[in-house]
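A.B. asks: Next up is a structure, given as structure tokens.
The values are calculated or read from the model by the stated rules, or taken from the named source; none is laboratory data. Everything numeric here is computed off the predicted structure, so don't read it as measured data. No Cβ is skipped: glycine too gets one built from the backbone with ideal geometry, and neighbour counts run over all protein chains shown. With ligands, DNA and RNA removed, areas are computed over all heavy atoms of the protein, side chains included. Shrake-Rupley method; radii C 1.70, N 1.55, O 1.52, S 1.80 Å.
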Amino acid sequence: MNEELTVCPATSKMLSKAQEEGISTAFDRAKAMKPCPFGSAGSCCKNCAMGPCRISTKGEQEGKGICGATVETIAARNFARMIAAGTAAHSDHGRDVSATFIAAANGEVPGYQIKDEEKLQEVARIYGLETKGKSKEIIAQEVGKKALSEFGQQEGELGFIKRAPEKRQKLWHEHGLVPRGIDREVVELMHRTTIGVDQDQKDILMAGSRTALADGWGGSMIATELQDIMFGTPIPLRSKVNLGVLKEDQVNIIVHGHEPLLSEMIVAVAQNQEMLDYAKQKGAEGINIAGICCTANEILMRHGIPIAGNFLQQELAIVTGAVEAMVVDVQCVMQSLVSVAACYHTKIITTSKKARIPGATHLEFSEHDPINTASKIIKEAIENYPNRMKTKINIPDEELDLVAGFSHETINYMLGGSFRKSYRPLNDAIIDGRIRGVVGVVGCNNPKVTHDQVHTTLVKELIANDVLVVQTGCAAIACAKAGLLVPEAKDLAGPGLREICETVGIPPVLHCGSCVDNSRLLIAVTEMVKEGGLGNDISDLPVAGCAPEWMSEKAIAIGQYFVASGAFVVFGVTFPVTGSEKLSHLLYEEFKEITGGSWAFEPDPIKQAELIIKHIDHKRELLGIKTRPPRVLYDMAMRRELKF
Ligand code: SF4
Ligand code: MSK
């Protein structure tokens, strides 16, 4: 019924309910919106009050802005500013995690502790900190301070840069791409792109690459590593996904946004007997926590908390009529939640110092007392349960199984075994052709394309061609809802990948976490290089990345840090450089000569898969591992001989 809008049946049902109840959603607004062709092509500049200048490249004379800026300068500046904004978002998350991490190490945050001592030691070693004879609390304080200092650092280089393959580090040094400090790179990029500063597209994009690297190998990686140390490094677990995870007879609390600092505590406090008794007193059978967007991925990975949906389902979760509270922090939170919630009993609760929405209830998260904040929020939700409008409740049945929790450490253990953790078996499987390559399919939803359709079509095509898929963000949620994140999905994989999945017991599509956890993928590809046999740099590997339904500036920052790290990256929907042939050429072609990585733009998922597979096969050919052996049918004796 809503085939053009979504391939997710639960989303379709709730869209119909929203239409019947006269509720406007992002899907309706997208249909009504007429996007400016200059803006979406990157050729509109509003960086000063002489403009906005909209540049047409049609006709013989290429247009210029009033200040004389060419279309490639304008598009490069716009693109760079998206990188700066995306880097700022991920990195500010990392900064807050670092500050809370220090407070936790000082024993100032009841409920938070150092859970992963092995990772603490590892991060301390990378930072060059002496750990001998020191307690874990002291080491954690020093690690936290070092991490926090990297945001304001003015000279030198970020500590995690040393984790990259040596050849990559050398390339970055030669091209001046090593970030000096996270905030410094963001600020400098904003300066460079104001009117009358940097007007050379390549120079702007080199600075953009350095800023993006400050995200991937800086702010995002700090967020991931410190969260793992504090809350535990994920290990594989089973859970459920889609709007069917909401419970008709329980208090439903949805956590939405990005930072797990508060949601971790909401999950813990919701299990307290006192809270459960209070919920019963108000007529509910229990308290049900579910997630949306990346907060969902964070608490799914560490606690198996079910996921209600991805980005485009946030309004529709409220349309079920069964959500007592939607608790939001930062990023990807739609302002329209408040107006949708006004048609039901749902409370929208903002919790971040940095993010308020008019009409929402604000209960500010105190990083020094998260238990208290979590308790207040849960009580608000429980007290709202009796306000449900019973006639408006309709929870779709869709609720599928998924397996999540594939940190790069887990991939090590899963493939190498507990006693010989190593990427060797993965590399061997790539070399012998059972796995053709590895592709990260990540990113958002965008109502300009059919919800979840591009993600799922691309991923099905890739696994059918023996490509192992690793996922983060809303892309992972899309594929989970399509049943691709369970071991049984091996039946959709090509023979080589299926054999690996059967032997190891993994799905052909691995859920690796939230958007900041794309940094896990950087480490995974680095481990593949270090393991040997697949070249000396990330750019030698048969790997690629894709954000088929992207929408956020953060996606551009992620794409650029993968390109600067040597990967091939394909984006769908629209791409904000198409207004400039020169900038398109720089990103699609010239970057190959600089970083070994490059961008491509292709909205069609089958064509995206073709581009990616072509790239993978080209890399295999360069590595001399082009030929894939014919399929062999294994008997039990042969299976026992297998390396996995
Ligand atoms: Fe126009 Fe130049 Fe001002 Fe941009 S900076 S709005 S191109 S005059
Ligand atoms: S939440 S950035 S819509 S992936 Fe990370 Fe989803 Fe994109 Fe937000």
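A.B. asks: Would you please classify the overall shape of the chain from the alpha carbon gyration tensor, given that a ≥ b ≥ c denote the square roots of the eigenvalues, rounded means a/c under 1.5, and beyond that prolate means a/b larger than b/c while oblate covers the rest?
C.D. replies: rounded
A.B. asks: State, as an integer percentage, the relative contact order of the stretch 74-216 based on alpha-carbon contacts under 8 Å between residues 6 or more apart.
C.D. replies: Details: 163 pairs, mean separation 46.5, N = 143.
Once divided by the residue count of the stretch 74-216, the mean separation gives 33 percent.
A.B. asks: Can I ask one more? Eigenvalues of the Cα gyration tensor times 5, then square-rooted: what semi-axes does that give for the stretch 392-476, in whole angstrom, largest first? Present the calculation step by step, with values, prior to reporting the outcome.
C.D. replies: Working: eigenvalues 186, 61, 23 Å².
Here the semi-axes work out to 30, 18, 11 Å.
A.B. asks: For the stretch 243-392, evaluate the Debye formula with one uniform point scatterer on each Cα (no solvent term) and list log10 I(q)/I(0) at q = 0.10, 0.11, 0.20 Å⁻¹, rounded to two decimals.
C.D. replies: -0.28, -0.34, -1.27
A.B. asks: While we're looking at this one, here's another question. As a test of the definition: which semi-axes, in Å, follow for the stretch 321-404 when you take the square root of five times each eigenvalue of its alpha carbon gyration tensor? Largest first, please. Display every interim value, and only then the final one.
C.D. replies: On the way: eigenvalues 103, 57, 43 Å².
Each semi-axis is the square root of five times an eigenvalue, giving 23, 17, 15 Å.
A.B. asks: Can you pull out the GluC sites (Glu not before Pro) in the stretch 111-162 whose DSSP state is coil and whose Cβ has at most 15 other Cβ atoms within 10 Å? Before the final figure, lay out the partial values.
C.D. replies: Working: sites: Glu117, Glu118, Glu122, Glu130, Glu137, Glu142, Glu150, Glu155, Glu157; in loops: Glu130, Glu155, Glu157.
Here the sparse-neighbourhood loop sites are Glu130, Glu155.
A.B. asks: How far, in nm, would the chain grow between Lys592 and Ile138 when pulled straight, counting 0.36 nm per residue and subtracting the alpha carbon separation? Write down the numbers at each step before the final one.
C.D. replies: On the way: separation 454, 0.36 × 454 = 163.44 nm, distance 4.41 nm.
Here the answer is 159.0 nm.
A.B. asks: Moving on. How far is it, in nm, from the label point at Ser149 to the one at Ile235 when both lie 7 Å from their Cα along the line to the Cβ?
C.D. replies: Each label point lies 7 Å from its Cα, and together they span 3.4 nm.
A.B. asks: Mind listing which trypsin sites (Lys or Arg not before Pro) in the stretch 332-436 are in a DSSP loop and have 16 or fewer other Cβ atoms within 10 Å?
C.D. replies: Numbers: sites: Lys347, Lys353, Lys354, Arg356, Lys376, Lys379, Arg388, Lys390, Lys392, Arg420, Lys421, Arg434, Arg436; in loops: Lys353, Lys354, Arg356, Arg388, Arg420, Lys421, Arg434, Arg436.
Qualifying residues, ordered by number: Lys353, Lys354, Arg356, Arg420, Lys421.
A.B. asks: Taking every pair of Cα atoms in the stretch 45-114, average 1/r, invert it to obtain the Kirkwood radius, and report Rg/Rh to two decimals. If you can, show how the numbers build up before the last one.
C.D. replies: Working: Rg = 21.8 Å, Rh = 15.6 Å.
Rounded to two decimals, Rg/Rh equals 1.40.
A.B. asks: For Met389 and Arg29, compute 0.36 nm times the residue count separating them, minus their Cα-Cα distance, and round to one decimal in nm. It would help to have the intermediate numbers written out before the result.
C.D. replies: Values: separation 360, 0.36 × 360 = 129.60 nm, distance 2.61 nm.
127.0 nm is the gain from fully extending Met389 to Arg29.
A.B. asks: Exactly which trypsin sites (Lys or Arg not before Pro) in the stretch 216-288 are in a DSSP loop and have at most 10 other Cβ atoms within 10 Å?
C.D. replies: Details: sites: Arg238, Lys240, Lys247, Lys280, Lys282; in loops: Lys247, Lys282.
Filter output for the stretch 216-288: empty list.
A.B. asks: Label the stretch 123-165 by shape, choosing from rounded, prolate and oblate, from the square roots a ≥ b ≥ c of the eigenvalues of the Cα gyration tensor; if a/c is under 1.5 it is rounded, and otherwise prolate applies when a/b is larger than b/c, oblate when it is not.
C.D. replies: Details: a/c = 2.84, a/b = 1.49, b/c = 1.90.
Note, shape of the stretch 123-165 comes out oblate.
A.B. asks: Out of every Cα pair in the stretch 552-634, what percent are spaced more than 21 Å from each other?
C.D. replies: Summing the P(r) tail past 21 Å for the stretch 552-634 gives 37 percent.
A.B. asks: Turning to a different aspect of this structure: In the structure displayed, which of Lys448/Lys490; Lys31/Lys64; Lys170/Lys530 lie more than 26 Å apart, Cα to Cα? Walk me through the numbers before you get to the answer.
C.D. replies: On the way: Lys448/Lys490 31 Å; Lys31/Lys64 32 Å; Lys170/Lys530 15 Å.
Among Lys448/Lys490; Lys31/Lys64; Lys170/Lys530, the Cα-Cα distance tops 26 Å for Lys448/Lys490; Lys31/Lys64.
A.B. asks: Run the simple label-point estimate for Thr131 and Cys36 please: 7 Å along Cα→C-beta, distance reported in nm.
C.D. replies: 5.2
A.B. asks: What Rg and what Dmax come out for the stretch 349-388 when only alpha-carbon atoms are used, in angstroms?
C.D. replies: Here Rg and the maximum Cα pair distance are 11.1, 33 Å.
A.B. asks: So what's the gap between the Cα centers of the stretch 105-148 and the stretch 191-257, to the nearest angstrom?
C.D. replies: 22
A.B. asks: Restricting things to Cα coordinates, could you compute the convex hull volume per residue of the stretch 405-623 in Å³? Mind showing how you got there, number by number?
C.D. replies: Details: hull volume 22.3 nm³, N = 219.
Spelled out: Cα convex hull of the stretch 405-623, divided by residues, is 102 Å³.
A.B. asks: Output the antiparallel fraction of DSSP beta bridges having both residues in the chain, as a percent to the nearest 5.
C.D. replies: Given both bridge residues lie in the chain, the antiparallel proportion sits at roughly 20 percent.
A.B. asks: Further, regarding this structure: What are the radius of gyration and Dmax of the stretch 433-487, computed over its Cα atoms and given in Å?
C.D. replies: Radius of gyration, then largest Cα-Cα span, for the stretch 433-487: 11.1, 37 Å.
A.B. asks: Return, for the Cα atoms of the stretch 428-523, the radius of gyration and Dmax in Å, separated by a comma.
C.D. replies: Using the Cα atoms of the stretch 428-523, the pair Rg, Dmax is 12.8, 40 Å.
A.B. asks: Need one word for the stretch 367-526: rounded, prolate or oblate. Basis is the Cα gyration tensor (sqrt eigenvalues a ≥ b ≥ c); a/c below 1.5 gives rounded, then a/b vs b/c decides.
C.D. replies: Details: a/c = 2.42, a/b = 1.66, b/c = 1.46.
Note, shape of the stretch 367-526 comes out prolate.
A.B. asks: Would you compute, from DSSP H runs of 4+ residues alone, the mean residue ellipticity of the chain at 222 nm, taking -39500 (n - 2.57) per run and dividing by the full residue count, rounded to the nearest 500? Don't skip to the end; give the middle numbers.
C.D. replies: Working: 27 runs with 296 residues, N = 644.
Dividing the helical sum by the residues of the chain leaves -14000 deg cm²/dmol.
A.B. asks: Give me the mean projected area, in nm² to one decimal, of the convex hull enclosing the Cα positions of the stretch 67-231. Mind dumping the intermediate values first?
C.D. replies: Working: hull surface 40.2 nm².
Spelled out: convex hull of the Cα atoms, projected over all directions, averaged, 10.1 nm².
A.B. asks: At 1.4 Å probe size, with the rest of the protein present, what percent of the exposed accessible area of the chain is carbon and sulfur atoms? Intermediate results must be reported in sequence, preceding the final value.
C.D. replies: Working: 12290 of 23790 Å².
Using a 1.4 Å probe with all protein chains present, the chain comes out at 52 percent carbon and sulfur.
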